[in-house]
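Enquirer: Submitted below is the structure of interest, expressed as structure tokens.
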Amino acid sequence: MSLQSGDATRGGPERIGIFGGTFDPPHIEHLLAAAEARSQLGLDRVLLVVANRPWQKIGTRVVTEAAIRLEMVEAAVESVRGLQAGDLEIRRGGASYTVDTLVELRRSHPDAELFVIVGADVEALIHTWQDAERVRSLATLVVVTRGGQGGSAGPEDARGSWRSIQRIEIPRLDVSGTELRERVAAGRNVDVLCPPGVVDVIEGRGLYRVAKP
Ligand code: ATP
């Protein structure tokens, strides 16, 4: 991914969305969430930042190699305007923390406004993130409703103070990485649920054929 500016025709400071995830694999609802956040909030671009080592998932299941997940995200965003694959966390190596990504972006783009985009299921976990208070001070939170759920901000005292919180709704599709991996392991395809370039990577590399915990 290049960190060059996107289509900053709007004027004013660049508005950059950061949508982090494991993306194992990236799917249609990730794209919808990122594209809707971009258009509803007038963002110049949204980076789908691939976690190098997703600390909350390591140890709970086998995670596909980061370079392959990046390859899938690059294929997924190809030809979707305003969306870019983000390799910052992979280049940094080690465990992936949103706070480090925000600090890096703040340093390289001192004037930009940063927006952290999460699914509603993730919102209640933010207080467990590394340096959550710093994350809140660096960005606006954007919560995308997932599967029709409004989500929950978690315990009142764990919410902390964000610069601001925006909520956006997207149509309910109920797609998840877990379900897609299970489909492939069961011998079914993931056509349409994953963009064609992602299906090519999954099939070409034989990903997810064996069910793994
Ligand atoms: P898994 O089932 O493997 O945990 P996932 O798709 O839930 O996969 P990630 O790829 O890490 O997990 O998700 C990245 C981000 O995308 C998270 O903020 C998550 O909440 C959000 N997200 C994932 N699926 C959806 C969905 N169907 N609708 C809205 N947001 C989603």
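The values are calculated or read from the model by the stated rules, or taken from the named source; none is laboratory data. Please read all numbers here as calculations on a predicted model, not as lab measurements. Every residue, glycine among them, receives a Cβ derived from its backbone with ideal geometry; neighbour counts consider all protein chains shown. SASA here: full protein model, heavy atoms, side chains in, ligands and nucleic acids out. Shrake-Rupley method; radii C 1.70, N 1.55, O 1.52, S 1.80 Å.
Enquirer: Once every Cα of the chain carries one equal point scatterer and solvent is ignored, give the base-10 log of I(q)/I(0) from the Debye formula at q = 0.10, 0.12, 0.13 Å⁻¹, two decimals.
Expert: So the normalised log intensities are -0.41, -0.60, -0.71.
Enquirer: With runs of 4+ DSSP H residues as the only contributors, calculate the mean residue ellipticity of the chain at 222 nm using -39,500 (n - 2.57) per run, divided by the residue total and rounded to the nearest 500.
Expert: -9500 deg cm²/dmol
Enquirer: Hey, can you rank 13-26, 163-176 by average C-beta count inside 10 Å, highest first? Kindly include the intermediate steps, with their values, before the conclusion.
Expert: Numbers: 13-26: 22.6, 163-176: 13.8.
Per-residue mean Cβ counts within 10 Å order the peptides as 13-26, 163-176.
Enquirer: Among rounded, prolate and oblate, which fits segment 38-144 when a ≥ b ≥ c are the square roots of the eigenvalues of its C-alpha gyration tensor, a/c under 1.5 means rounded, and a/b larger than b/c means prolate? If you can, show how the numbers build up before the last one.
Expert: On the way: a/c = 1.42, a/b = 1.08, b/c = 1.32.
Rounded shape, in that the Cα axes give a/c under 1.5.
Enquirer: Would you mind getting the accessible area per residue of segment 15-205, heavy atoms of the protein chains only, 1.4 Å probe, in Å²?
Expert: Values: 8680 Å² over 191 residues.
Roughly 45 Å² per residue, with all protein chains present.
Enquirer: What fraction of the DSSP beta bridges in the chain is antiparallel, stated in percent and rounded to the nearest 5? Walk me through the numbers on the way to the answer.
Expert: On the way: 1 of 27 bridges.
Close to 5 percent.
Enquirer: If packing is taken as the average count of other Cβ atoms within 10 Å, what order do 72-78, 137-143 fall into, highest mean first? Intermediate values should be presented prior to the final figure.
Expert: Numbers: 72-78: 22.7, 137-143: 20.9.
Ranked by mean Cβ neighbours within 10 Å, highest first: 72-78, 137-143.
Enquirer: Report, in debye and to the nearest 20, how large the dipole of the chain comes out about its Cα centre when Lys and Arg carry +1 and Asp and Glu carry -1 on their Cβ. Mind dumping the intermediate values first?
Expert: Details: 26 positive and 29 negative charges, 48 e Å.
With only Lys, Arg, Asp and Glu charged at Cβ, the dipole is about 220 debye.
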